[in-house]
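Peer 1: Once you've had a glance at the structure underneath, I'll fire off some questions.
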Amino acid sequence: MNIKQFPLVARYLVAFILCCFSLTALAQATDLGEFKDGAWVSYRDAYLKMIRFEKYGGPKQFIQNNLRVVVTDKKTSMDGLRLILEGKNTHLNLLLDPIGRAIFPMLKTAYDDNAELRVNRPDNSVTFEYRISIFTRPDGVYDVSDLRSACDQVLHYLRYQDLLRYTLKQCIGVKFSYLKDQYNISLKAKINDQNPVSISLSDGSVFNEDNFNMFKVGVYKFIGGTEKGQIISSNVPLAITAIIE
């Protein structure tokens, strides 16, 4: 598959998964008891943040935006963490990945309902975030030029959101994140026709702003503007994120 076609394929795949999952979730009865006193955020507020990315006119074929639930209390476990969208005419269970990200459903019904996004955790133990990441590939092969473009797309969108904060920031690399207990991960860089070099993995966080090291991460820092090659991952990472400093 041509690498330039992948982001479009990924978007169709994400839309298909969301459609299938939403149909399944609609058929499920939700016990609201465990969510009664849980943290929540207005769907309308979340929608307005997410639609800003959808309407953003800059290049974004390599990147995605996700709602993310982050456990901030170290005594609170992510095991069994659930996110629901609940309103008068809206009842959806939203799947969370191991990073706490969900595919955000753009639903007029939920907006009109002034529905709520709720989690089964106390208000002071979680936060809701909106995070930009880079699309992963099922074949595990990433051209460095595409990763550089993806990192630039993340930076330009962040500047669009907060110009003052990101004006002097630069893309310096990308981070591949995996489950901490995942074994036999091979992450290699094949640059300028040289032999592949292994990228070491260590405990770390998916996003630089996170203050907990719950994942296994590998970092590739861009050498300069001329390196050519590929980053090859034997496993599909949970996420690829831009390193901006």
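The values are calculated or read from the model by the stated rules, or taken from the named source; none is laboratory data. Worth saying up front: this structure is predicted, and the values here are computed from it rather than measured. Backbone-built Cβ (ideal geometry, glycine too); neighbour counts: all protein chains shown. These area figures cover heavy atoms from the full protein model, side chains too; ligands, DNA and RNA do not enter into them. Shrake-Rupley method; radii C 1.70, N 1.55, O 1.52, S 1.80 Å.
Peer 1: Of the residues that make up segment 21-32, is at least one modelled with pLDDT of 95 or more, farther than 16 Å from Ala102 by Cβ and of a type outside the set (Asp, Glu)?
Peer 2: no
Peer 1: Please work out which residue is most open to solvent (accessible area, probe 1.4 Å), limiting yourself to segment 107-120 and to residues that are out of contact with any Ser or Thr (no Cβ under 6 Å at 6 or more places or on another chain) and among the charged types (D, E, K, R).
Peer 2: Going through the qualifying residues, I end up with Lys108.
Peer 1: Looking at Gly218, Gly224, Gly204, can you tell me which residue is over 17 Å from the mean Cα position of the chain (by Cα) and not hydroxyl-bearing (Ser, Thr, Tyr)?
Peer 2: Gly224 is the lone residue from the list that is over 17 Å from the mean Cα position of the chain (by Cα) and not hydroxyl-bearing (Ser, Thr, Tyr).
Peer 1: Moving on to the next point. Could you give every pair whose Cβ atoms fall below 6 Å, whose first residue belongs to segment 203-217 and is part of a strand (DSSP E or B), and whose second residue is surrounded by fewer than 18 Cβ atoms within 10 Å (Cβ to Cβ), counting only separations of at least 6 or pairs across chains?
Peer 2: Listed by first residue and then by second, the contacts come to Asp203/Asn213; Gly204/Asn213; Phe215/Lys180; Lys216/Lys180.
Peer 1: Moving on to the next point. Of the residues Ile223, Ile172, only one is part of a strand (DSSP E or B) and surrounded by fewer than 17 Cβ atoms within 10 Å (Cβ to Cβ); which?
Peer 2: The conditions single out Ile172.
Peer 1: Same structure again: Tell me which residues, restricted to segment 121-169, are open to solvent by less than 20 Å² (accessible area, probe 1.4 Å), among the polar types (S, T, N, Q) and at pLDDT below 95.
Peer 2: Of everything in segment 121-169, just one residue is open to solvent by less than 20 Å² (accessible area, probe 1.4 Å), among the polar types (S, T, N, Q) and at pLDDT below 95, namely Ser125.
Peer 1: Give the residues of segment 177-202 that are among the charged types (D, E, K, R) and surrounded by 11 or more Cβ atoms within 10 Å (Cβ to Cβ), sorted by residue number.
Peer 2: Residues satisfying the conditions are Lys180, Lys188, Lys190.
Peer 1: Output the residues belonging to segment 66-83 that are open to solvent by 70 Å² or more (accessible area, probe 1.4 Å) and at pLDDT 90 or above.
Peer 2: The one that is open to solvent by 70 Å² or more (accessible area, probe 1.4 Å) and at pLDDT 90 or above: Arg82.
Conditions tested, residue by residue: (1) small (Gly, Ala, Ser); (2) more than 30 Å from Phe53 (Cα to Cα).
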{"position": "Ala150", "(1), (2)": "yes, no"}
{"position": "Leu155", "(1), (2)": "no, no"}
{"position": "Tyr183", "(1), (2)": "no, yes"}
{"position": "Ile191", "(1), (2)": "no, yes"}
{"position": "Ser198", "(1), (2)": "yes, yes"}
{"position": "Phe212", "(1), (2)": "no, no"}
{"position": "Gly225", "(1), (2)": "yes, no"}
{"position": "Thr241", "(1), (2)": "no, no"}
{"position": "Glu245", "(1), (2)": "no, no"}
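Let's see how each residue does on (1) part of a strand (DSSP E or B); (2) hydroxyl-bearing (Ser, Thr, Tyr):
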site	(1), (2)
His156	no, no
Ser177	yes, yes
Asn184	no, no
Val219	yes, no
Glu227	no, no
Asn235	no, no
Ile240	yes, no
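Peer 1: Among what's in segment 230-245 and is buried (at least 18 other Cβ atoms within 10 Å of the Cβ) and among the small types (Gly, Ala, Ser), pick the residue that is nearest to Lys190 (Cα to Cα).
Peer 2: For segment 230-245, the residue satisfying everything is Ser233.
Peer 1: A follow-up question, please. For Glu54, only one of the following conditions fails: (1) buried (at least 17 other Cβ atoms within 10 Å of the Cβ); (2) within 17 Å of the chain's Cα centre (by Cα). What is its number?
Peer 2: The single condition Glu54 does not satisfy is (1).
For every residue, the table says whether it meets (1) in contact with a Leu (Cβ under 6 Å, 6 or more places away or on another chain); (2) more than 30 Å from Phe128 (Cβ to Cβ).
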| site | (1), (2) |
| --- | --- |
| Gln170 | no, no |
| Pro196 | no, yes |
| Ser202 | no, no |
| Phe207 | no, no |
| Met214 | no, no |
| Phe222 | no, yes |
| Thr226 | no, yes |
| Ser233 | yes, no |
